[in-house]
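Undergrad: First, the structure itself, so that you have it in front of you.
Just so it is clear, none of the values below were taken in a lab; they were calculated from the coordinates. This is a predicted model, so every value here is computed, not measured. Methodologically, a virtual Cβ is constructed for each residue, glycine included, from the backbone with ideal geometry; neighbour enumeration extends over all protein chains shown.
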C-alpha cells in the first residue's frame, strides 16, 4: 500500500496534461502547415517576388508564420515542462515512503534490512515500464493531433449523388445565373447563355470579369446562387457526378501526373480501356514520345520516376479526355501557363481532342476567339456582347477595341 502513494499525483498530472495537450498539438500542427505553405509558395514564386519587389512583404508574411509556430511550440513545451518533472517527482514519492516506513519497521524489528532494500529496488524497477507507458501517452498526443488533421479531410461533405433524370440532348443553357463566393459580393450577375451542340464559344474579357467562375458553373463544380445551368434540360449540379464528368469536362492550365505507370495515369479516365485504345489516345494528342518509352505503358512516371515536361504532362491530361470522351469541353486558359513553343504543341494536341465536340473556351489569346463560332464578352460579371468575330468587330464595341489593341 505504501508503494501506491505516488499514483494520485501521477494521475493528477497526467489528467491535467491530457486535458490541454490535444488542442495545443493541433494548434502546433496547423501553425507548422501554414509556415510550410508560406515557404513553399514564396520559393515557387521567387521570380515573381523579385520582379514585383515583394521581398519585404513575403519576409514579413513568413516571419508572422514563424512567430505563430514558435508560440505554439512554446505552448506544447510548457505542457511537457510540467508533465515530465511532475511524473519524475511522483516516482520518488513511493520509494521515499518505502524507505521511511521500512526504516520504522526495521527499527522495531518487524523486517530485515535486506527486505527494505529489496522492496525499494523492486519499486525502482517498476518505474521503467511505467515511464515508458507515460512516454507513449505523450507521443500519442502528437500522433492523434496529426491524425485528426487527416480525419478532417474525411469530414468534408461528399458530392451529392444527384437525382436528376438523364439529360435529353447536349444543349447547354444558362438562365439568370448569379454567383458569389462565400461571404462576398456577386461575381456573376444574371448570365443568360445558350450553347448548341458542336458549337465553339469563346469567352473573353478582362481579368476578374468572372470568366473562370462561369466555366466552373457550366462544368457543375459550383452551383449558381440564383438561376440555372442545365444540359439537355437537366440542371448540371443535380446530375450524378460520374454522369456529369462523362458529359462535361473542365480543362485548366493545372495538370497532374500521378506516381505510377503511364497506364495507371490514363486508366483514371477510362478504367476499362484497352492498351490499344490508350495508345490511340496518346497518338491523337501528338504524344509521340510515349512510343519510345522503355517499358511502354508500364513505364513509371511521376515524382522519383520518369520526368515529364509540362507539355508531356498536358498531353497525358488530354489523352485522358480522349478516353473519357465527353461531349462538352470547357477550356479555362488551358495553355496560359506554358511558354509559346509548348503552348503551340499543346494547342495542336487540343485540336484533335476538340473535334466534333461542343467547346466553351476561356480565351486569353484573341486568335483563339477569332476561330470560334461565337464570342461572348464578359465584363463585371455580365455578358455585354455576343456574336461572331466579324459581327463584333463591325459593332465597334469592347471586343473591337480589344482586337485592335491585340493587332497594334
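Undergrad: Which ordering of 181, 25, 61 is given by a fewest-first count of other beta-carbon atoms within 10 Å?
TA: On the way: 181 11, 25 22, 61 14.
So the residues, fewest neighbours to most, are 181, 61, 25.
Undergrad: Could you tell me how many degrees, from 0 to 90 and to the nearest 10, lie between the Cα long axis of helix 113-154 and the main elongation axis, the longest principal axis, of the Cα atoms of the chain?
TA: Between helix and principal axis, roughly 10 degrees.
Undergrad: OK, next. Helix 275-284 against the longest principal axis of the chain: what's the angle in degrees, Cα atoms only, rounded to the nearest 10?
TA: Roughly 60 degrees, rounded to the nearest 10.
Undergrad: Which residue fluctuates most in the GNM of the chain (Cα springs below 10 Å): 175, 245, 47?
TA: Among 175, 245, 47, the largest mean-square fluctuation in the Gaussian network model of the chain belongs to 47.
Undergrad: Rounded to the nearest 10 degrees, what's the angle between the helix 310-324 long axis and the longest principal axis of the chain, both from Cα atoms, 0 to 90?
TA: The two axes meet at around 80 degrees.
Undergrad: Still on this structure, please answer the following. Full-extension gain between residue 88 and residue 288, please, as 0.36 nm times their residue separation minus the C-alpha to C-alpha distance. Present the calculation step by step, with values, prior to reporting the outcome.
TA: Values: separation 200, 0.36 × 200 = 72.00 nm, distance 6.79 nm.
Value of the extension gain: 65.2 nm.
Undergrad: Looking at the chain as a GNM with Cα springs under 10 Å, which of 263, 19, 374 has the largest mean-square fluctuation?
TA: Per the Cα network of the chain with a 10 Å cutoff, 19 tops the list.
Undergrad: Taking neighbour Cβ counts within 10 Å as the exposure measure, how do 83, 105 sort from fewest upward? Let's see the in-between values first.
TA: Numbers: 83 21, 105 14.
Sorted ascending by nearby Cβ count, the order is 105, 83.
Undergrad: Strictly greater than 31 Å: what percent of every Cα pair in the chain meets that? Can you show the working numbers first?
TA: Numbers: 50230 of 83028 pairs.
Percentage above 31 Å: 60.
Undergrad: Could you pull out which residues in segment 369-408 have an amide N less than 20 Å from a spot 7 Å beyond the Cα of residue 225, following the Cα-Cβ vector?
TA: Answer for this model: 378-384.
Undergrad: Related question: Rank the residues 370, 256 as a footprinting-exposure proxy: fewest other Cβ atoms within 10 Å of their Cβ go first.
TA: Details: 370 16, 256 10.
Lowest to highest Cβ neighbour count: 256, 370.
Undergrad: Cα centroids of segment 12-40 and segment 216-267: how far apart, whole angstrom?
TA: Here the two parts' Cα centres lie 37 Å apart.
Undergrad: Among 306, 79, 378, whose mean-square fluctuation peaks in a Gaussian network model of the chain (Cα, cutoff 10 Å)?
TA: 79
Undergrad: Using the beta-carbon distance between residue 50 and residue 401 and R0 = 35 Å, what value does 1/(1 + (r/R0)^6) give for FRET efficiency, to the nearest 0.05? Write down the numbers at each step before the final one.
TA: On the way: r = 33 Å, r/R0 = 0.95.
Once the sixth-power term is evaluated, E becomes 0.60.
Undergrad: Along the Cα→Cβ direction, 7 angstrom out, place labels at residue 355 and residue 379. What is the inter-label distance in nm?
TA: Taking the two extended label points, one gets 3.9 nm.
Undergrad: Tell me what the chain gives for mean residue ellipticity at 222 nm when only DSSP H runs of n ≥ 4 count, each as -39,500 (n - 2.57), the sum divided by the residue total, rounded to 500 deg cm²/dmol.
TA: Details: 13 runs with 221 residues, N = 408.
About -18000 deg cm²/dmol.
Undergrad: What length, rounded to one decimal in nm, is gained on full extension from residue 40 through to residue 107, with 0.36 nm per residue of separation minus their alpha-carbon distance?
TA: On the way: separation 67, 0.36 × 67 = 24.12 nm, distance 7.02 nm.
Contour length minus Cα-Cα distance gives 17.1 nm.
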